[in-house]
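The next block holds one structure in the form of structure tokens; read it before the comments.
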Amino acid sequence: MNYKEPMLRDNALKGKVIVVTGGGTGLGRSMSTYFSKLGATIVITSRKLEVLEKTAEEMSAETGGKIIPVACDVRDYDQVENLLKVTLEKAGSPDILVNNAAGNFISPTERLSHRAFDAVIDIVLKGTKNCTLAFGKHWIDQKEKNKNILNIVTTYAWTGSSYVVPSAISKAGVLALTRSLAVEWAKYGIRSNAVAPGPFPTEGAWSRILPGDLTEKLNVVNQIPLRRSGEHQELANLCAYMVSDFASYMNGEVVTLDGGEWLQDAGQMNFLDAVTPEMWDFFISLSKKSK
Ligand code: HXC
Ligand code: NAP
């Protein structure tokens with residue numbers, strides 16, 4: 001057994017209807033594929049219908065499950081309401097909403113136009129708010145319980161980060177939304193949780209966060225204590241557990257899956273990683289003498 005293998009038991013998500021925003025590509029696609037293998041009906045949504053249709057066809061051929069592609073720009077509340085309507089018609093009432101759609105790019109903040117800022121905030125923060133509000137209102141109005149929302153954030157939601165400021169402030173807002181509603185909507189039987197992935201190779205993220213030869217130049221893996229990037233299946237395993245009924249007592253949590261990356265720069269003495277065993281012998285002898 002290893003971390004690249006599926007983790008949950010067969011049919012762990014049987015009968016569930018799961019809507020995954022940004023489900024046509026990258027991590028959203030990987031999560032959706034695994035949810036489908038576990039027996040869920042999946043609605044994948046994003047702006048590009050042709051991408052969604054191709055993914056749905058391939059995913060369904062792989063898993064044998066029902067995959068419904070629905071075009072929806074999460075920035076537009078009317079389109080989100082339509083997503084809910086089509087989901088109700090084609091799959092039944094949704095049980096789980098995964099807010100995974102995002103936009104991002106690197107830039108010095110002073111070079112950004114106000115429209116560039118909005119381009120990211122509108123997808124990540126406003127889009128997550130739109131989907132959460134539309135689905136939450138439906139569940140509450142219909143008095144439907146045992147529902148949950150999983151938000152995909154990242155570790156700079158709590159540290160902040162230079163050069164991706166629109167994304168950082170948006171993900172921070174999404175984390176605050178997660179924790180706020182975990183308390184406010186628990187009485188309606190709605191759980192809210194988040195996952196904070198570290199680097200997981202995807203075309204969408206890599207082309208925008210590490211454009212050109214930055215991947216090789218920066219050697220991202222060296223910034224990760226476990227010296228590797230994430231495997232899609234291990235993120236899918238975690239998310240499948242968090243949205244499943246096995247996690248019924250998990251609410252308001254943010255689970256980090258980053259090989260220890262964010263702590264690498266946070267611990268004040270972490271630079272001592274560079275010290276060799278011989279140097280340690282010397283330093284320890286000095287510090288022992290000093291007592
Ligand atoms: C500076 C930029 C820019 C860039 C666009 N703009 N790209 N400014 N640097 N690289 C500016 C434009 O000039 C314009 O401003 C404004 O932003 C809107 O641009 P549009 O192209 O019209 O935006 P839109 O079509 O809405 O596209 C949104 C997008 C795009 C975010 C720019 O990249 C996109 O669709 N992304 C979706 C997928 C994605 O980003 N995936 C990566 C997620 S990775 P002006 O002033 O000229 O009008 C992720 C990882 C997190 O989140 C953690 C990593 C560690
Ligand atoms: P990705 O493949 O680019 O995924 C982003 C998805 O969002 C795309 O499918 C895109 O589809 C969709 N999207 C963008 N704007 C949209 C809009 N207005 N309405 C609806 N859908 C929209 O990148 P990814 O790496 O898989 O990222 C997935 C999630 O993981 C994001 O939340 C990201 O922040 C998070 N994350 C990723 C990493 C990583 O290392 N990969 C690390 C930390 C966090 P369309 O273009 O068709 O709309």
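Below, the figures for the structure above:
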{"item": "Residues that are of a type outside the set (D, E) and either open to solvent by 10 Å² or more (accessible area, probe 1.4 Å) or more than 16 Å from ligand 2 (Cβ to nearest atom) (or both), drawn from region 182-196", "result": "A182, V183, W185, A186, K187, Y188, G189, I190, R191"}
{"item": "Failed item, numbered, when E203 is tested on (1) touching a residue at least 24 places away in the same chain (Cβ under 8 Å); (2) under 28 Å from K14 (Cα atoms); (3) open to solvent by 50 Å² or more (accessible area, probe 1.4 Å); (4) of a type outside the set (S, T, Y)", "result": "(2)"}
{"item": "Residue check, N219 within 16 Å of ligand 1 (Cβ to nearest atom) and surrounded by fewer than 18 Cβ atoms within 10 Å (Cβ to Cβ)", "result": "yes"}
{"item": "Matching residues, region 137-181, being buried (at least 16 other Cβ atoms within 10 Å of the Cβ), within 16 Å of G252 (Cβ to Cβ) and over 17 Å from the mean Cα position of the chain (by Cα)", "result": "K147, L181"}
{"item": "Filter pass, K289 being out of contact with any helix residue (DSSP H, G or I) (no Cβ under 9 Å at 6 or more places or on another chain) and modelled with pLDDT under 95", "result": "yes"}
{"item": "Residue within region 272-280 that is of a type outside the set (A, V, I, L, M), surrounded by 10 or more Cβ atoms within 10 Å (Cβ to Cβ) and without any contact (Cβ under 8 Å) to a residue 60 or more places away in the chain present", "result": "yes"}
{"item": "Close pairs (7 angstrom Cβ cut-off, 6 or more residues apart or separate chains): on the phi < 0 side of the Ramachandran plot and in a strand (DSSP E or B) in region 85-110, open to solvent by 20 Å² or more (accessible area, probe 1.4 Å) and more than 12 Å from ligand 1 (Cβ to nearest atom) anywhere", "result": "I96/K16"}
{"item": "Selected residue [among the small types (G, A, S), open to solvent by less than 40 Å² (accessible area, probe 1.4 Å) and closer than 19 Å to K171 by Cβ] from G103, G65", "result": "G103"}
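The values are calculated or read from the model by the stated rules, or taken from the named source; none is laboratory data. Note that the structure is predicted; figures quoted are calculated from it, not measured. Quick reminder, even Gly has a Cβ in these numbers, built from the backbone with ideal geometry, and neighbours come from all protein chains shown. Side chains are part of the model used for accessible areas, which takes the heavy atoms of the whole protein and leaves out ligands, DNA and RNA. Shrake-Rupley method; radii C 1.70, N 1.55, O 1.52, S 1.80 Å.
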